[in-house]
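Novice: Have a look at this one.
Read the figures in this text as sums done on the coordinates, not as results from a lab. Computed from a predicted model, the values in this text were never measured in an experiment. Counting neighbours? That spans all protein chains shown, and the Cβs are built from the backbone with ideal geometry, glycine included.
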Amino acid sequence: MDKRDYYEVLGISKGVSEAEIKKAYRKMALKYHPDKNPGDTKAEEKFKEAAEAYEVLSDPDKKARYDQYGHAGLGGNAGFEGGGMNMDDIFSQFGDIFGGAFSGGSFGGSRGRQHVVRGTNLRVKIKLTLEEIAEGVTKKIKVNKLVNAEGVTYKTCATCNGTGKITRVAQTFLGAMQTQSICTTCQGAGKMIDQKPAGADNQGLKRKEEVIEIEIPAGVEEGMQLNVSGKGNAGPFNGIPGDLIVVIEEQQHEELRRDGENLHYEAFVNFVDAVLGETIEVPTVTGKAKIKIEPGTQSGKMLRLKGKGLPVLQGYGHGDLFVHIHVWTPKKVSKEEKEMLEKLRSSENFKPNPGQNERRFFQKMKNMFQ
């Protein structure tokens with residue numbers, strides 16, 4: 001099932017400010033909050049959908065990729081469902097947005113007291129051929145990442161007594177002022193490592209190689225970044241995992257040159273074929289195609305093969321393949337060939353007589369190099 005447009009989910013349009021995005025999300029989240037709609041699974045799904053939209057649109061990098069490429073720019077596993085995020089994850093990341101609302105409820109109160117530490121993102125590069133870009137491809141890559149070690153036991157942080165926050169009271173001329181900050185001892189987790197297995201660090205993490213399957217949509221481009229949610233480094237103290245950022249590297253094709261969704265091919269034909277006409281074969285991204293060289297074809301002519309380019313990312317149809325014709329002039333000829341050409345030299349048909357189109361072409365080329 002296709003995901004809804006994130007702007008539509010929050011009821012906003014592109015170009016709105018960060019404050020307006022946050023305001024729209026808070027409105028939707030409060031409307032469909034589980035405490036306000038107990039047992040309503042549809043409301044819970046809308047609550048998660050709004051959180052997913054906000055998670056993307058509130059992040060400048062993810063928002064930019066989404067605005068340019070849509071859901072494909074976030075990867076096949078983007079969003080909360082792909083990353084396995086649940087209600088705990090949503091409240092740990094966005095609980096501050098609800099302010100004092102639902103503070104006594106089962107969600108807002110119990111989940112809002114501790115800060116869940118998020119793991120760091122990982123960045124990898126994937127090289128793709130033009131053929132893979134044309135069809136879309138599934139890639140399996142090995143990633144050396146941090147995971148939560150097995151056998152780790154925890155104890156309550158003595159600094160914050162398990163709350164994850166430090167409260168300070170200062171006396172001012174206005175009276176007692178209370179401030180709250182994340183506990184620096186436990187990073188807001190409210191707990192510390194008690195015992196850990198060999199190889200684990202002080203946050204209960206260890207290195208492990210993992211094979212991750214990534215769906216690459218057709219039509220991606222060089223430098224494009226796909227976001228695979230929840231496949232980065234694990235969060236300390238069983239926190240939220242980071243994301244895996246996949247950077248696309250496009251391998252240059254031996255014969256075809258890419259320009260967005262369109263492709264270009266330089267075709268060289270001999271003098272005789274240009275004069276008499278011929279059918280030649282040209283490469284496409286999915287095989288071969290035959291095109292007809294009309295009699296009297298001039299060097300510089302461009303032929304268009306509609307729909308033989310690359311698929312349009314997040315759209316419909318394909319680009320085109322443009323074939324640029326170059327008439328090849330031989331550098332060496334035999335004695336017999338030279339004699340035949342000498343006979344043709346004086347023929348009226350072989351004297352240059354460019355038409356209006358040819359004159360415009362040569363004038364254009366002249367202007368380019370002036």
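Novice: Given H placed 1.01 Å from N in the peptide plane, which residues other than close sequence neighbours of ARG304 have an amide H under 5 Å from its amide H?
Specialist: VAL323
Novice: Given 0.36 nm per residue, what is the gain on full extension from LYS140 to GLN178 after removing their alpha carbon distance, in nm?
Specialist: Extending this stretch completely gives an extra 8.5 nm.
Novice: Using the alpha-carbon centroid of each, what span in Å lies between the range 270-327 and the range 230-246?
Specialist: One Cα centre to the other: 48 Å.
Novice: Using only the alpha-carbon atoms of the range 129-235 as identical scatterers, what base-10 log of I(q)/I(0) does the Debye formula give at q = 0.10, 0.15 Å⁻¹?
Specialist: Rounded to two decimals, the profile gives -0.55, -0.80.
Novice: At a Förster radius of 41 Å, what calculated FRET efficiency corresponds to the Cβ-Cβ distance of ASP35 and GLU209, to the nearest 0.05?
Specialist: 0.45
Novice: How large is the direction-averaged shadow of the alpha-carbon convex hull of the range 176-274, in nm²? Before the final figure, lay out the partial values.
Specialist: Details: hull surface 53.2 nm².
The orientation-averaged projected area of the Cα hull of the range 176-274 comes to 13.3 nm².
Novice: Follow-up question, since we're still on this one. Suppose we keep just the alpha-carbon trace of the range 237-362; what are its Rg and Dmax in angstrom?
Specialist: Expressed in Å, the Cα Rg and Dmax of the range 237-362 come to 22.3, 89.
Novice: Let me ask something else. How big is D, in µm² s⁻¹, for the range 278-321 by Stokes-Einstein at 4 °C and 1.567 mPa s if Rh is the Kirkwood radius over C-alpha pairs?
Specialist: 108 µm²/s
Novice: Please give the contour-minus-distance gain from LYS125 to TYR316: 0.36 nm per residue of separation, less the Cα-Cα distance, rounded to one decimal in nm.
Specialist: Numbers: separation 191, 0.36 × 191 = 68.76 nm, distance 2.71 nm.
Length gained between LYS125 and TYR316: 66.1 nm.
Novice: Here's something else I'd like to know. Under a Cβ-only charge scheme (Lys and Arg +1, Asp and Glu -1), can you give me the dipole magnitude of the range 118-226 about the Cα centre, in debye to the nearest 20?
Specialist: Here the range 118-226 has a charge dipole of around 720 debye.
Novice: Sticking with this one: Can you compute the FRET efficiency between LYS14 and ASP61 using 1/(1 + (r/R0)^6), with r the Cβ-Cβ distance and R0 = 22 Å? Round to the nearest 0.05.
Specialist: 0.85
Novice: On to the next question. Taking 7 Å along the Cα-to-C-beta vector as the label spot, tell me the ASN349-GLN195 distance in nanometres, rounded to one decimal.
Specialist: So the two model labels end up 9.7 nm from each other.
Novice: Kindly write out, for the range 121-133 in residue order, the coupling ³J(HN,Hα) from the Karplus curve 6.51 cos²θ - 1.76 cosθ + 1.60 (θ = phi - 60°), rounded to whole Hz, with x marking Gly and Pro.
Specialist: 7, 10, 10, 10, 10, 10, 8, 10, 7, 5, 5, 5, 5
Novice: On to the next question. Give me the distance in nm between label points sitting 7 Å out from Cα along the Cα-to-Cβ direction at ALA158 and ASP259, one decimal.
Specialist: Placing both labels 7 Å beyond Cα along the Cβ direction yields 7.1 nm.
Novice: While we're looking at this one, here's another question. Among VAL269, HIS318, ILE291, which residue has its Cα furthest toward the positive end of the charge dipole of the range 267-318, with +1 on Lys/Arg Cβ and -1 on Asp/Glu Cβ?
Specialist: The one lying farthest along the dipole's positive direction is HIS318.
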